[in-house]
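For reference, the structure is listed below as structure tokens.
The values are calculated or read from the model by the stated rules, or taken from the named source; none is laboratory data. Source: prediction; values computed, not measured. Counting neighbours? That spans all protein chains shown, and the Cβs are built from the backbone with ideal geometry, glycine included. Ligands, DNA and RNA are stripped out before the accessible areas are found, and what is left, the full protein with its side chains, is counted by its heavy atoms. Shrake-Rupley method; radii C 1.70, N 1.55, O 1.52, S 1.80 Å.
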Amino acid sequence: MTTGPDATEPPKDYRLLVPRDWFRIDLTQDRWRAQLKTFVDRQAEGKNVTAEAKHEAWVMLRNTAEAGVRGGALEYFLRSELEDRSIMPATLIVSLIPRTGPLTPQDLQQSFEKREQQSSRPAEVSTVRLPAGETVRILTPTTMDLYVQMPGAVGYLVLMFAVPLSGMTGPMHRLCVSISESLRWIV
């Protein structure tokens, strides 16, 4: 059974609708490195991609996945955006951050705002309402991070979108918003 944002029971799982052309990697399984290599190989196949560009893409994606796994990432989605001879995919990392204290979305927003004041990168921090619940959004020209408060005060599900080539404007931004609005809790 799926529920709306008013549920007080902790969810057993979540449902997220991601288009079929996004390559899914399950970061909870040991085979994620092989899956990542498969993605890079498929994107380079039949295209004028140099071995160096292919290796750079693999290293960048592997490092991102490893950092995600250390931070509680569950899934890694990739959508190719091929430009010239490089592979720079749009990505979505889904992570779980268990709640260790009484951290409300407003507290989280204030914490991120303080961090951004000390940062050199421009970021807009706000609280938005998604169908799944209250969400803290951090938006930069090429990224959108969404910290969705989970029912039952058990933590936050984090959706981290990165769109390095086309940026967080136009159709890709609308697609990322649509994906995030599809999030539902399963109780």
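Structure values in brief
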item	result
Boolean, residue 38 is free of Cβ contacts under 8 Å to residues at least 60 places away in the same chain, part of a helix (DSSP H, G or I) and of a type in the set (Val, Ile, Thr)	yes
2 or more residues more than 19 Å from residue 99 (Cβ to Cβ): qualifying strands (runs of 3 or more DSSP E) within the range 119-159	124-130, 143-149
Within the range 3-20, tally of residues that are modelled with pLDDT under 90 and over 21 Å from residue 99 (Cβ atoms)	0
Some residue of the range 125-147 being under 19 Å from residue 19 (Cα atoms) and at pLDDT below 95	yes
Qualifying positions in the range 159-172 - buried (at least 22 other Cβ atoms within 10 Å of the Cβ) and among the β-branched types (Val, Ile, Thr)	163
Residue tally, condition open to solvent by less than 50 Å² (accessible area, probe 1.4 Å) and small (Gly, Ala, Ser), over the range 34-66	4
Only one of 103, 130, 146 that is within 26 Å of residue 12 (Cβ to Cβ), of a type in the set (A, V, I, L, M) and open to solvent by 50 Å² or more (accessible area, probe 1.4 Å)	103
Failed item, numbered, when residue 20 is tested on (1) assigned to a helix (DSSP H, G or I); (2) open to solvent by 60 Å² or more (accessible area, probe 1.4 Å)	(1)
Residue check for residue 89: within 22 Å of residue 163 (Cα to Cα) and surrounded by fewer than 13 Cβ atoms within 10 Å (Cβ to Cβ)	no
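Residue-by-condition table, conditions (1) among the acidic types (Asp, Glu); (2) in contact with a Gly (Cβ under 6 Å, 6 or more places away or on another chain); (3) open to solvent by less than 30 Å² (accessible area, probe 1.4 Å):
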site: 10; (1), (2), (3): no, yes, no
site: 32; (1), (2), (3): no, no, yes
site: 93; (1), (2), (3): no, yes, yes
site: 98; (1), (2), (3): no, yes, no
